[in-house]
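Inspection log for the structure reproduced underneath, given as structure tokens.
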Amino acid sequence: MKSVVLLATCAGIIGAASHAEAAATETPPVCRNLIDEGANGHADKRGVTTNDLIGLRDIGPNFGTDLPESPLALSPDGTRLAFVISRADPVMNDYCQALVTIDAESQAPAQIVDMSNGLIIGAPTIRGFRMINGSPIINSPRWSPDSRYLAYLVSIQGTPQARVVSVENASVLFTTTSETAVRQVAWTPGGRLLFGNEPEAARHKTEIDRRGRVGFLYDDSFVPNREARPSIPGPVPIEFFSSTASGTNIRPASSEELPADMKVPVDASPRKLVRSTATSQSVTAQIVQRDAASILSPSDLWLQYADGRRRRCDDPACTDGILNMWWTANGQRILFLRRAGWGKSELQLYSWDTRSAPAIILKTNDLVTGCQLESATLICLHEASSHPRRIVRINTDTGALTTLFDPNPSFGELRKGSVERLRWTNDVGIESFGDLVLPRDQPRTGKIPLIVVQYLTRGFLRGGVGDEFPIFPFAEKGFAVLSLQRPADYYTTVKDGTVRTALDARVSNQNDWNDRRSVQSALVKGIELATTRANIDANRIGITGLSDGVSTVQFALVNSPRLFAAASISTGFQEPKSTQIYGGSAWAKQLLDMGYPSLDKDQSKFWANVSIESNIEKINIPILMQISDNEYLMALESYGVLKAYNRPSAMYIFPDEDHIKRQPEHRYTIYNRNLQWFDFWFNGRNDTDPVDIRQYEHWKPMRTKMPLTAN
């Protein structure tokens, strides 16, 4: 049992007073002194700062869109909801992770049942090899069948392990000591713990080390941009073990013990069946793709009966866009959540009694995801544009939302810029949208600068994809912000039947840079629309991006060279040589399949409207690059050209980072440097607390080579 002091610390983690018994393990230092200030009321009604953003308590990872699985776990007895909260601490450069339970029906105080430190990063397979991209996992807790224990993943000295916690007395029963990462946890119906690790990954590493003694043969397993050694083939098979809840009698799990979602599918080929859910009355709702061989094929909602009968829902609401579905406890209704509306910007929740037409019960521009059904009520994660994720109950008769738990109550008390959803159509007829955030204190005279942030704008407006460009702190500094949603891919406009496979889609997108032109037109028209809503200074428009967003930045700088006055990017630009060399031969082969010319062919025509080097005469704006050490090689070709031509540019490289930067200290620095970069170039201001006291010594000489853009 922990002291009252520790309980106060736990309250800080979850953002609300808690009367829970604290975990019996020692509190990690990163979890101490994290007191929420919600009760203080913020009487001064100050605006949002980067401190507020970096300190947010997150339920599940911040992907900026729908989650592929739910971070919420409803207990088998239906009384409790469990989830993991994480919070970054830039001073300690670590994360606090708390396992929390709440009452599933009331707003009773939350209980912290365990705490640990560290963030668990996923290990996806890309082009046949394991590629760590920096994205955190969805750490969904798993309840034992009797609702007494919870199993989830914790980071122990950087390795994911399974942990079992007693909910009743908040004590740790068992933590695995696997030499390789534990990736999955579950329970058997009889109450035995299942956990899966990756001994094959260790065997691959040992083999790679052995090969290194005689020198590695360079092949598709290399990604030079990341490291000078082969990558591990993926996906890595998981081997499952079974134990008691307290960790005794550990043995390999039998096939009969494994749930269906843990078993390796016999047939991994594409299927028509996209999703299904059954009732106790043996009626199964299915989302079925009409043509399994076509990437553009619509999907329909079907009912499959036990006697073999099938019935399709013919209502337009049952065609395409369905994200998830649930039968109510009595099996009388099916609920389904779908994307629809302008550019698929809306979420719509329907209720269908299977006799009459589906009835819409909720329509919103907010993000609703990670839903769990409790009787006839949905418990979901909900984000609004101005408020981060919280847990809500949705009345499935009325669509009314009731907050069950808000991990960030103080954030709601902060003043924020106004948000307006903008809608427009791009040059190829694709419906596009974005959110315009205006400063809360706009000048009565004079114009305001605009920053474009990309490339998802669903739910809470945090920092764009990768969370590096702090939207509300930008607005607090006096900038307008256009948070741009990337439009649907160009290939979706092709209706002549030539696009059927994923490769067909990539080729269609790439041909004459069709997709980039489509995104470019959405960007330009979005900016034009934003200027009709506010007094935007056309001479002070900035653009930012990571990953695909950087491709948008690059195409825009080359094809609309006078539109932007400054830029900030988080990954390197694509250039003819580095793209196919430093990305590795596997990626080079994929690019060739899409239509890129091989390195033994003339590159000039293909890259004429894209390459920084080929268009250097058009580019003379300040460009900030904040790049991970695992990706900086890709940035060197364009950066070298920019410096050779004396273009104002600065590149900062962050150690031990990936595509998505995860270290809190780095994330906090990147937030603030982006603010200071645009403030310097657009307003001529030096911050009194720069992230690096030497940065202005580097930036000021650049300014002498070009006019100050501030009014």
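In the list SER560, SER568, which residue meets the criterion of being outside the structural domain of SER135 (by TED's automatic domain parsing), of a type in the set (Gly, Ala, Ser) and without any contact (Cβ under 8 Å) to a residue 60 or more places away in the chain? Before you say what the answer is, go through the steps one by one.
Numbers: SER568 fails: without any contact (Cβ under 8 Å) to a residue 60 or more places away in the chain.
Result of the check over SER560, SER568: SER560.
Please note which strands (runs of 3 or more DSSP E) are completely contained in the stretch 62-129 and include at least 2 residues that are in contact with a Cys (Cβ under 6 Å, 6 or more places away or on another chain) and either under 20 Å from LEU173 (Cβ atoms) or of a type in the set (Lys, Arg) (or both).
Details: elements: 80-89, 94-103, 111-117.
Because the criterion is at least 2 residues that are in contact with a Cys (Cβ under 6 Å, 6 or more places away or on another chain) and either under 20 Å from LEU173 (Cβ atoms) or of a type in the set (Lys, Arg) (or both), the strands (runs of 3 or more DSSP E) in the stretch 62-129 that meet it are 111-117.
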From the option list LEU373, LEU362, LEU381, LEU347, single residue qualifying as farther than 30 Å from ALA522 by Cβ and in a strand (DSSP E or B) is LEU373
Does the stretch 236-247 contain at least one residue that is under 30 Å from ILE627 (Cβ atoms) and either touching a helix residue (DSSP H, G or I) at 6+ places or on another chain (Cβ under 8 Å) or at pLDDT below 95 (or both)?
yes
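Any idea which of VAL185, VAL172, VAL214 is within 28 Å of the chain's Cα centre (by Cα), more than 28 Å from PRO655 (Cα to Cα) and β-branched (Val, Ile, Thr)? Don't jump to the end; show me each part of the working.
Working: VAL172 fails: within 28 Å of the chain's Cα centre (by Cα); VAL214 fails: within 28 Å of the chain's Cα centre (by Cα).
Answer to the check: VAL185.
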In the stretch 337-362, anything within 25 Å of GLY434 (Cβ to Cβ) and of a type outside the set (A, V, I, L, M) is listed as ARG338, ARG339, GLY341, TRP342, GLY343, LYS344, SER345, GLU346, GLN348
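Select from the stretch 28-65 the residues that are of a type in the set (Gly, Ala, Ser) and at pLDDT 90 or above and write down the one among them that is nearest to the chain's Cα centre (by Cα). So that I can check it myself, show each step before the final result.
Step one: list which residues in the stretch 28-65 are of a type in the set (Gly, Ala, Ser), which gives 38-39, 41, 43, 47, 55, 60, 64.
Retained after the next criterion (residues that are at pLDDT 90 or above): 47, 55, 60.
Values: GLY47: 25, GLY55: 17, GLY60: 10 Å.
Among residues in the stretch 28-65 that are of a type in the set (Gly, Ala, Ser) and at pLDDT 90 or above, the one nearest to the chain's Cα centre (by Cα) is GLY60.
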Listed by range, strands (runs of 3 or more DSSP E) wholly within the stretch 287-336 having at least 3 residues that are out of contact with any Pro (no Cβ under 7 Å at 6 or more places or on another chain), modelled with pLDDT of 90 or more and within 20 Å of LEU362 (Cα to Cα) are 322-327
So, first residue under 14 Å from LEU258 (Cβ atoms) in the stretch 232-244, second residue in a loop (DSSP other than H, G, I, E, B) and of a type in the set (Asp, Glu), Cβ within less than 9 Å, six or more apart or across chains; the pairs are PRO237/GLU198; ILE238/GLU198; GLU239/GLU198
**Report entry** Flag for ARG127 being surrounded by 23 or more Cβ atoms within 10 Å (Cβ to Cβ), among the charged types (D, E, K, R) and either touching an Asp or Glu at 6+ places or on another chain (Cβ under 7 Å) or in contact (Cβ under 8 Å) with a residue 60 or more places away in the chain (or both)
**Finding:** no
So the helices (runs of 4 or more DSSP H) completely within the stretch 439-535 holding 1 or more residues that are under 23 Å from GLN590 (Cα atoms) are 502-510, 514-533
Of the residues in the stretch 102-160, those that are within 21 Å of LYS661 (Cβ to Cβ) and among the small types (Gly, Ala, Ser) come to GLY118, GLY122, ALA123, GLY134, SER135, SER155, GLY158
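Can you tell me which of ALA181, ALA245 is part of a loop (DSSP other than H, G, I, E, B), among the small types (Gly, Ala, Ser), assigned by TED's automatic domain parsing to the domain that holds VAL165 and farther than 21 Å from ALA123 by Cβ?
Values: ALA181 fails: farther than 21 Å from ALA123 by Cβ.
None of the others qualify; the one that does is ALA245.
The values are calculated or read from the model by the stated rules, or taken from the named source; none is laboratory data. Worth saying up front: this structure is predicted, and the values here are computed from it rather than measured. Positions of Cβ are backbone-derived with ideal geometry, glycine not excepted, and every protein chain shown enters the neighbour counts.
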